[in-house]
1. Show the residue pairs that are 6+ apart or on different chains and have beta-carbon atoms under 8 Å apart, the first residue being within region 109-138 and under 15 Å from Ile88 (Cα atoms), the second being assigned to a loop (DSSP other than H, G, I, E, B) and hydrophobic (A, V, I, L, M, F, W, C).
2. Is it true that Leu229 is within 17 Å of Gly184 (Cα to Cα) and either hydrophobic (A, V, I, L, M, F, W, C) or in contact (Cβ under 8 Å) with a residue 40 or more places away in the chain (or both)?
3. Taking region 171-206 only, how many residues are more than 17 Å from the chain's Cα centre (by Cα) and of a type in the set (Asp, Glu)?
4. Can you find a residue that is small (Gly, Ala, Ser), farther than 22 Å from Leu158 by Cβ and within 26 Å of the chain's Cα centre (by Cα) anywhere in region 209-228?
5. Tell me whether region 127-134 contains one or more residues that are of a type in the set (Ser, Thr, Tyr), assigned to a strand (DSSP E or B) and surrounded by fewer than 19 Cβ atoms within 10 Å (Cβ to Cβ).
6. For region 150-163, check the following and say yes or no: at least one residue is within 18 Å of Arg222 (Cα to Cα), crowded, with 16+ Cβ neighbours inside 10 Å, among the β-branched types (Val, Ile, Thr) and over 13 Å from the mean Cα position of the chain (by Cα).
7. Condition check: on the phi > 0 side of the Ramachandran plot and free of Cβ contacts under 8 Å to residues at least 40 places away in the same chain. Does Gln192 satisfy that?
8. With the requirement that a residue be over 22 Å from Arg218 (Cβ atoms) and either in contact with a helix residue (DSSP H, G or I) (Cβ under 7 Å, 6 or more places away or on another chain) or of a type outside the set (Gly, Ala, Ser) (or both), what does region 164-192 give you?
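The values are calculated or read from the model by the stated rules, or taken from the named source; none is laboratory data. Everything numeric here is computed off the predicted structure, so don't read it as measured data. Virtual Cβ from ideal backbone geometry, glycine too; neighbours counted across all protein chains shown.
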Amino acid sequence: MASRAAPKRGTPARSRKPAARRPGLATRLGISQAAIQRAITWGMLGLGAAVALIILQAFGVPAMAGNQIARAVGDAGFEVKRVELTGIKHMDRLTVYAIAFDQHSMAMPQVDLEAVRAKLLRYGWVEDARVSRRLPDTLVVDIVERTPAAVWQYQGRLRLVDASGVVLEDVSGEATPDLPLLIGPNANRHAQALAALVAKAPSLKPVIAGATWIGERRWDLRFQSGETLALPEGQDEAQRALVKFARMDTAQRLLGRGFLRFDMRDPTRFVARVDRQVHAIDGSAAVPQPRPAPPATVPAVEDSPGLEKVNDTI
């Protein structure tokens, strides 16, 4: 039986080339290792000083000593020099800067973040605010603004309000935004209820020009075509009346036919007023009438499919 050949001695082992190292993130970004080390060192020093200050204050160290530590931290470069704002679309940026820089001490550990937030929340535009430190020298202010929902007209002034009625700012008649107009004392406080009311009749929402809060108890709606609809008191009653009016307008086209006012305060009848004549809701010819001093009720028109009887007055 043939024997296996012995391996040749002196055969060199296969050499392996070391894998090439990929450049680090700092090298790719063009940042030197020394700069990174300095940033880490200063960050640790600042964080340690801030923690030490908090501990000393917790154990009752005199304020003077705490202030000295805070000043030392500030002298080391940890003081407010920049303010970064996010979330602002309408509020004046200079106002936010002024609030952020209004500090007894600009040293980072002594910046009162809650005080800054509380001052910002006093402004109508600000629904919420978050204030934080970014070492070594930046305050970050993130603002959540309110959304304009209507224009409130009262005592000769026009004010922009949100859905909950919070006043955002005054507006001029020349620069009034394309939003519903609320008229009357405290009408802004009922803006949310009005929005819920109008949402029940989506077909009418695009043609409503404004709403007047009457006697602190009910709404008069004004349409773009000039008519006014008097709604009853109570949210549920007003919703039923408005839904009924929307259904009638879809079936008989009430808006844009020359009516001046519709009155639905009485749930048992529907009253439509015109200037000098009565228009039948069912589409029949108009009947000329002289203008009387008091309104007078005329017989109801014939029933239309799916609708109740309608009474017209002039």
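1. Taking only residues 6 or more apart or on different chains, the pairs are Tyr123/Met91; Gly124/Val166; Trp125/Met91; Val126/Met91; Asp128/Leu121; Ala129/Leu121.
2. Here the answer is yes, as Leu229 does meet what is asked.
3. 1
4. Taking every residue of region 209-228 in turn, none turns out to be small (Gly, Ala, Ser), farther than 22 Å from Leu158 by Cβ and within 26 Å of the chain's Cα centre (by Cα).
5. yes
6. yes
7. no
8. Val166, Val167, Leu168, Glu169, Asp170, Val171, Glu174, Thr176, Pro177, Asp178
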